[in-house]
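Visitor: Quick one: the structure is below, and I'll ask about it shortly.
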Amino acid sequence: MSGNPSALLGRPSERAPAAADRPSAGLYAYSEQIDAWVVRTAKPVSYEVRVADGLFDTDRTDLLEPSAAPGERLRRFVVLDSDVDLLHGSRIRAYFDHHDVEHEMCVVPADETVKSFETAARIVEQLDAFGVDRRREPLIVIGGGVLMDIVGLVSSLYRRGTPFIRVPTTLIGLVDAGVGAKTGVNFNGHKNRLGTYFPADLTLLDRAFLATLDRRHIGNGLAEILKIALIKDTRLFDVLESYGTLLLNEKFQGESEAGEEAAREVIRRAIHGMLEELQPNLWEAKLERSVDYGHTFSPTVEMRALPALLHGEAVCVDMALTTALARRRGLISDADARRVYAVMHALELPAWNDLLNQPELLTAALRDTVRHRDGQQRLPLPVGIGDVTFVNDLTEEELLDAVAELSSTGRRVEGPQHV
């Protein structure tokens, strides 16, 4: 063994045992004084988020990376959202056929009601039957945030880590679920209770998929974009305020010159802002995370409301409530609070849900958040538009007063009711 093994294992005792008495004599420096070892290591993390418009055009090869071993045929295991399969499945299969890729299509219905370990296990069974070279054959997931979270968990567990590629097909996938490192499934009535940190090697963004989304799911993604605007990007808020309705109408497809410019700027600013917050704290060692804005009460509200609220809608309800809290504390002016509620309304997002009338639900949500945030609230509140602060002294009385205020304000900008 080269180097100085005693430096690794500890300081040798003053009188080491005779060579014949030492375990593995000649291999290690032995010491009877050592009864604890500390191992420290680091693994660099690098992943790419790439704009790839026209991803399934036959002249694009993003999904063919890495190439097959010499003399072998390229193989891919593809997990495909069932709704995406109905709309785009034939084009996706034709792409792989054109490039002579042996592929297995695992078609999965995916929404919050089936975001479970059972769904993940079914994917693993089909993956195991197909078999992959985990170094050269990354899994591919094509779908929304729910499916990307499930497949991310599968990838992190399968053979203790198998690379995967994300192709988000929803707006919330493009700007939120598709760019971070977290995976997860719901469990025991709790959102994302089982999960890992395991970023995809590559995320490929093709906003053409948004053309087939319904209007509500465009709004769902706009809620997460609004979050980034409120915590750190005044310019992004201004664009949403001016062009939010146009983006909804055009579904980010750039049907007009103004719509194209707004779509490009909004998506890029939202992704850049999200990654700027994630990169220095990817493993969440620091628990005061500005991107947790809108995610204090919403996980509990969302799970209790299923399937009535989409994720972004629940986040928007949370942001409306915390805007009311911030206004009452003087952190945001009356005028700016009205602007926030008006943008929520323009984006057809709810600023109220009747579950807020259940004090025990909100206090339980806050208690669960405190456990998640190492014993403190670390509650993000907006400071004006474009900044954030964290508080640890929210009281139940203050919370209920904010609910009462929002009950009148929020109901007026509730947005459409979804059944």
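Visitor: Would you please name the residue that is surrounded by the most Cβ atoms within 10 Å (Cβ to Cβ), looking only at residues in region 287-303 that are touching a Pro at 6+ places or on another chain (Cβ under 9 Å) and not polar (S, T, N, Q)? Steps first, answer last, please.
Guide: Kept after step one, since they are touching a Pro at 6+ places or on another chain (Cβ under 9 Å), are these residues of region 287-303: 288-296.
After this cut, where a residue has to be not polar (S, T, N, Q) as well, the list is 288-289, 291-295.
Details: GLU288: 15, ARG289: 18, VAL291: 22, ASP292: 21, TYR293: 23, GLY294: 26, HIS295: 21.
Within region 287-303, the match that is surrounded by the most Cβ atoms within 10 Å (Cβ to Cβ) is GLY294.
Visitor: State yes or no: is PRO17 surrounded by 12 or more Cβ atoms within 10 Å (Cβ to Cβ), modelled with pLDDT under 90 and either over 30 Å from ALA208 (Cβ atoms) or assigned by TED's automatic domain parsing to the domain that holds SER155 (or both)?
Guide: Values: surrounded by 12 or more Cβ atoms within 10 Å (Cβ to Cβ): yes; modelled with pLDDT under 90: yes; either over 30 Å from ALA208 (Cβ atoms) or assigned by TED's automatic domain parsing to the domain that holds SER155 (or both): yes.
Spelling it out, PRO17 is indeed surrounded by 12 or more Cβ atoms within 10 Å (Cβ to Cβ), modelled with pLDDT under 90 and either over 30 Å from ALA208 (Cβ atoms) or assigned by TED's automatic domain parsing to the domain that holds SER155 (or both).
Visitor: On the given criteria, is PHE198 surrounded by 14 or more Cβ atoms within 10 Å (Cβ to Cβ), of a type in the set (Phe, Trp, Tyr), farther than 26 Å from LEU379 by Cα and modelled with pLDDT of 95 or more?
Guide: Details: surrounded by 14 or more Cβ atoms within 10 Å (Cβ to Cβ): yes; of a type in the set (Phe, Trp, Tyr): yes; farther than 26 Å from LEU379 by Cα: no; modelled with pLDDT of 95 or more: yes.
So PHE198 does not fit the description; no.
Visitor: Out of contact with any strand residue (DSSP E or B) (no Cβ under 8 Å at 6 or more places or on another chain), part of a loop (DSSP other than H, G, I, E, B) and assigned by TED's automatic domain parsing to the domain that holds ASP401 - does that describe any residue in region 324-342?
Guide: The answer is yes; a qualifying residue exists.
Visitor: When you scan region 236-282, how many residues do you find that are surrounded by 15 or more Cβ atoms within 10 Å (Cβ to Cβ) and assigned to a loop (DSSP other than H, G, I, E, B)?
Guide: Residues flagged as surrounded by 15 or more Cβ atoms within 10 Å (Cβ to Cβ) and assigned to a loop (DSSP other than H, G, I, E, B) within region 236-282 amount to 5.
Visitor: Here's another thing I want to ask about it. Which of the residues spanning region 73-85 are surrounded by 12 or more Cβ atoms within 10 Å (Cβ to Cβ) and either farther than 15 Å from ILE140 by Cβ or not hydrophobic (A, V, I, L, M, F, W, C) (or both)?
Guide: Here is the first cut: in region 73-85, the ones surrounded by 12 or more Cβ atoms within 10 Å (Cβ to Cβ) are 74-85.
Across region 73-85, the qualifying residues are ARG75, ARG76, ASP81, SER82, ASP83, ASP85.
Visitor: Using beta carbons and a limit of 8 Å, which pairs, at least six apart or on different chains, have the first residue in region 342-370 and at positive phi and the second one assigned to a helix (DSSP H, G or I) and surrounded by fewer than 19 Cβ atoms within 10 Å (Cβ to Cβ)?
Guide: GLU348/ARG215; GLU348/ARG216; GLU348/LEU248
Visitor: Additional query: For residues that are touching a helix residue (DSSP H, G or I) at 6+ places or on another chain (Cβ under 7 Å) and under 22 Å from HIS190 (Cα atoms), tally how many sit in region 321-349.
Guide: 1
Visitor: Moving on to the next point. Consider region 349-396. How many of its residues are over 17 Å from ALA326 (Cβ atoms), more than 21 Å from the chain's Cα centre (by Cα) and in a helix (DSSP H, G or I)?
Guide: 10
Visitor: Provide a single number: the residues in region 220-266 that are over 16 Å from ASP387 (Cα atoms) and aromatic (Phe, Trp, Tyr). Walk me through how you get there before you give the answer.
Guide: Going residue by residue through region 220-266, those that are over 16 Å from ASP387 (Cα atoms) are 220-223, 239-266.
Filter again for aromatic (Phe, Trp, Tyr), leaving 243, 252.
Of the residues in that region, 2 qualify.
Visitor: Also, quick follow-up: Report, by residue number, each residue of region 124-138 that is surrounded by 12 or more Cβ atoms within 10 Å (Cβ to Cβ) and either on the phi > 0 side of the Ramachandran plot or out of contact with any Phe, Trp or Tyr (no Cβ under 9 Å at 6 or more places or on another chain) (or both).
Guide: Within region 124-138, ASP133, ARG136 qualify.
Visitor: Looking only at residues in region 209-218 that are surrounded by 16 or more Cβ atoms within 10 Å (Cβ to Cβ) and over 17 Å from the mean Cα position of the chain (by Cα), which one is farthest from ARG50 (Cα to Cα)?
Guide: Initially, region 209-218 is screened for residues surrounded by 16 or more Cβ atoms within 10 Å (Cβ to Cβ), giving 209-210, 213, 216-218.
The next check asks that each one be over 17 Å from the mean Cα position of the chain (by Cα); those that pass are 209-210, 213, 216.
On the way: PHE209: 15, LEU210: 17, LEU213: 21, ARG216: 26 Å.
Here the answer is ARG216.
Visitor: Search region 219-235 for residues being among the small types (Gly, Ala, Ser) and closer than 12 Å to ILE267 by Cα, and hand back the single one that is surrounded by the most Cβ atoms within 10 Å (Cβ to Cβ).
Guide: Kept after step one, since they are among the small types (Gly, Ala, Ser), are these residues of region 219-235: 219, 221, 223, 229.
Then keep just the ones that are closer than 12 Å to ILE267 by Cα; that gives 221, 229.
Details: GLY221: 30, ALA229: 25.
Top of the filtered list is GLY221.
Visitor: Here is a list: THR183, THR162. Which entry is under 17 Å from the mean Cα position of the chain (by Cα) and crowded, with 20+ Cβ neighbours inside 10 Å? Can you show your working first?
Guide: On the way: THR162 fails: under 17 Å from the mean Cα position of the chain (by Cα).
Only one candidate passes the filter, namely THR183.
The values are calculated or read from the model by the stated rules, or taken from the named source; none is laboratory data. It should be emphasised that the depicted structure is a prediction, and the values quoted were computed from it without experimental measurement. Using ideal geometry, Cβ is built from the backbone for each residue, glycine included, and neighbour counts are taken over all protein chains shown.
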